[in-house]
Amino acid sequence: MRKHKSDLIILFTTLGLMALGLIVIYAIGPMRANVLNSTYGSNYGANDFFIGQLRSVAISTVAFFLAFKVIPYRLLRRFAKPIMIFALALSALLWVLAAVGSSLAKCELGECRWYNLGPISFQPAEFLKLALVIYLADFLARKKEEGTIGRLREFWLPFGLVCGASLALVVVAQGDLGTGVTLVAIIFAMLLVSGISLWQFLIVFFAVIIIAVGAVRMSSHRMQRVDAWVATLTGGESSDSTYHIENAMLAIGTGGLTGVGIGNSVQATGYLPESINDSVFAIMGETFGFVGLFLILAVFGAMLMRLLRVAGHTSPPDERFAVVGVFAWVLAGVVVNIMAMTSLVPVTGITLPLLSYGGTSMLFIAYALGLTLQISCYTSREEVKNEDIGSRGRLRGAHYASRRRSA
Amino acid sequence: MPRIRILKYITLGLLGIIAVRLFFIQIIEHDAWVAKASEQHTMLETITAKRGEIYMMDHGEPVAVVMNQTTYQVIIDPAITPRDKLQSTLDKYAKDYITANLDEVYAIEGLRYYVVAKNVPYSAATKIAAEGLSSVWLKEGNSRVYPEGEMASTVLGFVNADGLGQYGVEGSLNHILTGKDGLLRTISDVNNVALSIGDDNVKIPAEDGQSVVLSIDRGLEKGTEERIAAALEHSEATNAAVLIMNPNTGEVVAMTALPNYDPAHYGNVKDASAYINQVTEVPYEPASICKNFAYSAAINEGKMTPDTTYFNEHYVYVDGWKIDNAQMNSFLYGEIDMRTALYWSLNSGSIQALKFLGDDPASINQKGRELLFDYYYNKFQLGHNTGIELIEAEGFIPDPNEGWGRDSTYANMTFGQNLGITMIQTARAFSAVVNGGYLYTPTVVKGVLKDGEIVALDTAPTGDAAWGTPTSARVGEDAAAGPVGERILTEQTSATMRSMLINNRDYKVRAGIDRFGYAVGGKSGTAQVVRGGAYDDTFAELVGSYMGFVGPAGELPRYVVMVKMWGEGKSVGSGDAMDLFDSLQNYLIDYYKIKPNL
């Protein structure tokens, strides 16, 4: 397949969303600084958050173009296993550091999710997402080629081990359900298109759902969130737990059709928790109204559709799986975050891709999107047929064997 | 179906659900959310009006005796404020003002707001602020300070925790002192800091309360209390009340009762009766002081003169009751004149005045009763509110034509029993007796302070509302409706009464107590106390009173002084009250540097 132009829609939606996030943080950053200073006695400057976001966007843009233009996916794939092991090791090390109380582990509200590296902090779970996408793409493609997909020892055992370890480190050790949900989405989306038999997929899917429900019921603070969600849905009594979601909806609701305009958000002055991080969508709802949110939703929708189109037109299974993984990553972020803000699901604490304040999450999702752009340069004109029938793998891929990349 | 297409439909479905949900929240529910937001974002803050201060006069200049100070409440967010540092900070700077047990406060789950200290002074509050504790707010407020301590507390009253004036001037002039609160309505951030967002912000400034200047003289009040305290030490009495007023204007220059209470810690008082102003709120029987009023009536009606005589038998039978004189010296038996009867405070003498009023020197009749009632109730305004700017009780005067034993009741009334009147009523009536015959409305307020000038207070309460809120007695029916500076006695009657009252004290001049060159007159009163509906003839408890005036010889009196001393279960004769009067009238001469006419 000859190299052609990359997918412009993915390119521009990525850059556009990052720019929009920057504008919103510019408007509400000073309010956030003011709230933190007066409530916690911290000493943030008015533009600290904007500068922080500017730095994140700059670094992420560099990562985006590195993945897009510089680092070939082939190279990454070759190191898929070491990358995965490294990512797991980073998360495991954080857990150990936190357990021994090292100052290298940065904890907030009792959850230790960050490495403390002086002026910056680093969240290994974000790296784990990228590693998992790269690793699973390689693993599933190999198994597909070997024709061992769905077999217990060759497939389910290593698959379960890697995925289980990842989820355990993120959800149990770091208490990060949001990342856990994203990982599950990535795993199942990639598994779905890997060519696994549907009944196997469904069995695993429901097994995981049952385990997840059980885990939520076992955890009191997660049950609290579910109760709070039920309370907001049914108009139950307000409490500290419902405060966050009520104020998110208050922000969105007051936006009306066209919003209150940039810089006029009242909810950002301290009423809405996490206004620049997880709740930024609600502030955008207040600022830009239904029209603005619908456009943002449409931009994400366009990006997601293009990602699926790239996946659908990419022949090499590993590349196709990688794109689907990135797709699921973005989808999980968008859907879970927005549904939480609109009280369609309980709050899980997940950032809105490319828009929320935060360095690590933006860095890795930008890199992942850059990767899909690289892959988008090699799509075929027609949709790849029968791509997901596992049994074809037994032909050892002869049908596509001649395809080699020139890059 | 290709599985990628499944993902596509799932995605579109999810985004569709979100879009519909957003439409629902932002378009359909928009108004409800806006209403809720306005409820949450709008800060309605009362701008507290400053309460007016209370001044007394001191040598013609107003001086503050009740002032305001800005104090602070310390408010914390137990979820954020560090407990140990808070405790040590409060212990260090505001130990006396802590109102909460931090152990209990921090034990309450979900608590985000709590007042842990109140009335913290500015200096301590700034030190607490400098500690930089997280989520500690200092809320400004006001509290009263009393530079004179307990002085005149029953006259001044206090301000309760809700900022409402209680008792005394604080209570009766609450509407003048309070002012009008302003209002601030604005969009605010989560810490209630006003934002410039929004265009329906409202600010109505507060109108501060007016500062009241009392006619009471601070130095005189203080000196009076010192003399009362000294008198109580040498007396059976536990309580004493004193009223000093200018009989020619009705202006009160001293009014107090001991024991006082500490208005800054008014809550420490065990019995709320300690708050009551004994001078205006407690009707009692001033006993023989009332003989002045009976005499004045009979002289003013032309029915007798000081030289008119009657036959004194030491007792009088009325309605079958035997009324004894207190003094039964043999030289008083037989034909004596009215001056002598007053000098020795003979009950038979004042009863004789009542008989003269009815034109029958031998017995009490309806005409006499009605005339005495007319003088007591209508002319002297006894049994009425006087209209002074304080909470008052009315007291009562029995009707001349109703009830059993009217004659004996009225016989008793001539020497101040069987009626209930307040000290202020008595002193006002006595002022008319000695000032040339004019009845004035007593006043304790000089005016309000406006730009440093004293301006007359003209916002008297309207309708049936009297000053303040009555507690026990009916108040306000005819407050301020009585004659103001109205002549009720002739010049001649008043002069005659003055001469008799001065005559009462001629032995005091001889004893060197009353100074030469001054006209000092007075009359004592010793009242039995009603126990179980009847007068207690064991005299186990007596209330001693003395009423008199002082001024330069040959001139109208400058000041009228009334003293009342009592104690529960104590037999306090008028002697103690008279001694206190003696020291007070001399003190007045010195304090006001009244020149003698030698």
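Values quoted throughout were computed directly from the atomic coordinates according to the rules given, and no laboratory measurement underlies them. Predicted model only: the values in this text are computed from it and were never measured. Using ideal geometry, Cβ is built from the backbone for each residue, glycine included, and neighbour counts are taken over all protein chains shown.
A compact table of results
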| quantity | calculated |
| --- | --- |
| In nm, spacing of pseudo-spin labels at B:GLU236 and B:THR46 (7 Å Cα→C-beta vector) | 5.1 nm |
| Pairs beyond 30 Å (Cα-Cα), from B:LYS36/B:LYS95; B:LYS291/B:LYS322; B:LYS355/B:LYS570; A:LYS3/B:LYS8; B:LYS508/B:LYS595 | B:LYS36/B:LYS95; B:LYS355/B:LYS570 |
| At R0 = 30 Å, FRET efficiency that the Cβ-Cβ distance of B:PHE24 and A:MET218 yields, to 0.05 | 0.35 |
| Averaged over A:290-300, number of beta-carbon atoms from partner chains that fall within 10 Å | 3 |
| ³J(HN,Hα) computed for each position of region B:274-280 - Karplus, 6.51 cos²θ - 1.76 cosθ + 1.60, integer Hz, glycine/proline x | 5, 6, 6, 7, 5, 6, 10 |
| Taking A:VAL260, A:VAL324, B:VAL116 and counting other C-beta atoms within 10 Å, the order from fewest to most | A:VAL260, B:VAL116, A:VAL324 |
| Burial ranking of peptide ranges B:281-288, A:297-304 (average Cβ count within 10 Å, highest at the top) | B:281-288, A:297-304 |
| Helix-only CD estimate at 222 nm, as mean residue ellipticity for chain A, using -39500 (n - 2.57) per DSSP H run (n ≥ 4) | -21500 deg cm²/dmol |
| Residue-averaged beta-carbon neighbours from other chains (10 angstrom radius) around A:269-275 | 3 |
| Approximate spin-label separation A:LEU8-A:TRP156, in nm, with each point projected 7 Å along Cα-to-Cβ | 4.8 nm |
| Ranked B:THR414, B:THR441, criterion: other C-beta atoms within 10 Å, fewest first | B:THR441, B:THR414 |
| Contact order relative to length of chain A, as percent, for alpha carbon pairs under 8 angstrom and 6 or more apart | 29 percent |
| Gain in span if fully extended, B:VAL269 to B:TYR315, counting 0.36 nm per residue against the direct Cα distance | 12.0 nm |
| Segment B:ILE98-B:LEU183, extension gain: residue separation times 0.36 nm, minus the distance between their alpha carbons | 27.7 nm |
| Chain B: calculated mean residue ellipticity at 222 nm from DSSP helix runs of at least 4, using -39500 (n - 2.57) | -9000 deg cm²/dmol |
| Long pairs among B:LYS222/B:LYS270; B:LYS85/B:LYS270; B:LYS139/B:LYS270, criterion Cα-Cα beyond 27 Å | B:LYS85/B:LYS270; B:LYS139/B:LYS270 |
| Using alpha-carbon coordinates, inclination of helix A:317-341 to the longest axis of chain A, degrees | 20 degrees |
| Residues of type lysines that B:LYS203 reaches as a straight line, Cα spacing below 19 Å, ignoring anything fewer than 8 places off in the same chain | B:LYS50, B:LYS180 |
| Mean-position separation - Cα centroids, region B:196-251 and region A:280-330, in angstrom | 78 Å |
| Within region B:217-591: Cβ-based charge dipole about Cα centre, in debye rounded to nearest 20 (Lys, Arg +1; Asp, Glu -1) | 580 debye |
| Within straight-line cross-link reach of A:LYS5, lysines at Cα separation under 23 Å, skipping those fewer than 8 residues along the same chain | A:LYS69, A:LYS385 |
| Normalised contact order of chain B, rounded percent, pairs of Cα under 8 Å and 6 or more residues apart | 14 percent |
| Average beta carbon contacts from partner chains per residue of B:31-44, 10 Å cutoff | 4 |
| B:ASN160-A:VAL62 pseudo-label distance in nm [points 7 Å out on the Cα-to-Cβ vector] | 7.0 nm |
| Spatial separation of Cα centroids for region B:18-71 and region A:173-235, in angstrom | 47 Å |
| Cα gyration tensor shape for region B:217-591, rounded if a/c is under 1.5, else prolate or oblate | rounded |
| Ranked by how many other beta carbons lie within 10 Å on average, peptides B:374-384, A:79-89 from highest | B:374-384, A:79-89 |
| Förster-model FRET efficiency, 35 Å R0, B:SER583 and B:ASP399, C-beta, rounded to 0.05 | 0.30 |
| Fraction of antiparallel bridges per DSSP, the protein assembly as shown only, in percent to nearest 5 | 95 percent |
| Interchain or long-range residues, amide H under 5 Å from B:THR99's placed H | B:ALA117, B:LYS118 |
| Extreme residue, positive dipole direction of the protein assembly as shown, given options B:ILE216, B:GLY436, A:LEU191 (C-beta unit charges) | A:LEU191 |
| Order of B:TRP321, B:TRP137 under a 10 Å beta carbon neighbour criterion, fewest first | B:TRP321, B:TRP137 |
| Crossing angle, helix A:177-193 versus chain A [Cα axis fit, 0-90 degrees, rounded to tens] | 30 degrees |
| Rounded Å value of the spacing that divides the Cα centres of region B:87-164 and region A:57-119 | 51 Å |
| R0 of 35 Å, Cβ-Cβ distance B:LYS593-B:ASP506: FRET efficiency to nearest 0.05 | 0.90 |
